[in-house]
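Presented below is the structure to which this report refers.
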Ligand code: SF4
């Protein structure tokens, strides 16, 4: 048992405290080995980088109204830069779209400290460590879920919408939303691009959930997910969250 396995929050830490605890987690032996091996061996084109090689926390303000949930960090993206969707092709697509609709300060996300700011949006993942072949096991997904539940609880006062990128994220996120206090409809809504479902909160606050194909190269290179499709989902989610954004 790792000393840094996910544990319930004590109610006093904010998002930054949670992010620090996530970054120290070593609960999944296979993922700890992989993320650290990738950080040691590196990709030749990033040989001069000191890889992050640790769990990658969520990125964005603590009072976000819109949450974007991916799958897991990329070995040479988030696992290198230490920031979600930063330094890889998936992130290029996501942050360009966020900038296009007025939710990000710049269209690129190259490294932590590059000045990128998100406006009312936070980006996270149900698995915080880079997995081999981008495929976490169900056990790893379940082991990491308490981190997402804690993040959702902290965001809850302001969170009004979420975009889930891909079926894996959808399957992983719905139980986390339920644990964090929202009511997930029965039967559970199925993932689809363009799927939309409302989760009721036990304090009267609702949350609009949006399904979107993942911004993986497999989807964006083949045209399964186009920039226009992604912008359309982001605009709908921003509207549901009450965030100002560009309509065109
Ligand atoms: S995937 Fe999650 S639970 Fe597993 S080691 Fe990484 S941060 Fe910890």
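Looking for whichever is more than 14 Å from the ligand (Cβ to nearest atom), under 30 Å from residue 202 (Cα atoms) and crowded, with 23+ Cβ neighbours inside 10 Å here; the options are 103, 148, 71, 118. Which one fits? The conditions single out 103. What about residue 218, is it within 19 Å of the chain's Cα centre (by Cα) and without any contact (Cβ under 8 Å) to a residue 40 or more places away in the chain? In short, yes. Every test in (1) surrounded by 13 or more Cβ atoms within 10 Å (Cβ to Cβ); (2) touching a helix residue (DSSP H, G or I) at 6+ places or on another chain (Cβ under 8 Å) is passed by residue 14 save one, and that test is (1).
Summed over region 66-87, the residues that are within 14 Å of the chain's Cα centre (by Cα) and either part of a loop (DSSP other than H, G, I, E, B) or free of Cβ contacts under 8 Å to residues at least 40 places away in the same chain (or both) give a count of 11. Just one of (1) surrounded by fewer than 21 Cβ atoms within 10 Å (Cβ to Cβ); (2) within 9 Å of the ligand (Cβ to nearest atom); (3) assigned to a loop (DSSP other than H, G, I, E, B) fails for residue 158. It is (2). Consider residue 61 carefully, then state whether it is more than 15 Å from the ligand (Cβ to nearest atom) and more than 16 Å from residue 220 (Cβ to Cβ). In short, yes. Do you know which residues across region 161-187 are touching a strand residue (DSSP E or B) at 6+ places or on another chain (Cβ under 9 Å), in a loop (DSSP other than H, G, I, E, B) and surrounded by fewer than 20 Cβ atoms within 10 Å (Cβ to Cβ)? Those that are touching a strand residue (DSSP E or B) at 6+ places or on another chain (Cβ under 9 Å), in a loop (DSSP other than H, G, I, E, B) and surrounded by fewer than 20 Cβ atoms within 10 Å (Cβ to Cβ): 181, 184, 185.
Selection of region 47-65 for residues being touching a residue at least 60 places away in the same chain (Cβ under 8 Å), assigned to a loop (DSSP other than H, G, I, E, B), on the phi < 0 side of the Ramachandran plot and out of contact with any helix residue (DSSP H, G or I) (no Cβ under 7 Å at 6 or more places or on another chain) yields 61, 63. Tell me whether region 25-32 contains one or more residues that are in a loop (DSSP other than H, G, I, E, B), more than 18 Å from the chain's Cα centre (by Cα) and loosely packed, with under 15 Cβ neighbours inside 10 Å. Checked against the condition, which is being in a loop (DSSP other than H, G, I, E, B), more than 18 Å from the chain's Cα centre (by Cα) and loosely packed, with under 15 Cβ neighbours inside 10 Å, region 25-32 yields no hits at all. Every listed requirement among (1) within 14 Å of the ligand (Cβ to nearest atom); (2) crowded, with 20+ Cβ neighbours inside 10 Å; (3) over 12 Å from the mean Cα position of the chain (by Cα) is met by residue 92 save one, (1). Condition first: under 22 Å from residue 109 (Cβ atoms), away from the ligand (no atom under 13 Å from the Cβ) and within 13 Å of the chain's Cα centre (by Cα). Can you find one or more residues in region 123-143 that meet it? Within region 123-143 (the criterion being under 22 Å from residue 109 (Cβ atoms), away from the ligand (no atom under 13 Å from the Cβ) and within 13 Å of the chain's Cα centre (by Cα)), the answer is yes, since at least one residue qualifies. Scanning region 200-213 for residues that are surrounded by 13 or more Cβ atoms within 10 Å (Cβ to Cβ) and more than 15 Å from residue 171 (Cβ to Cβ) yields 200, 201, 205, 206, 207, 208, 210.
FYI, it's all coordinate maths here, none of it is from the lab. Just so we're clear, the structure is a prediction, and the values are computed from it rather than from any experiment. So basically every Cβ, Gly included, is an ideal-geometry build from the backbone, and we count neighbours across all protein chains shown.
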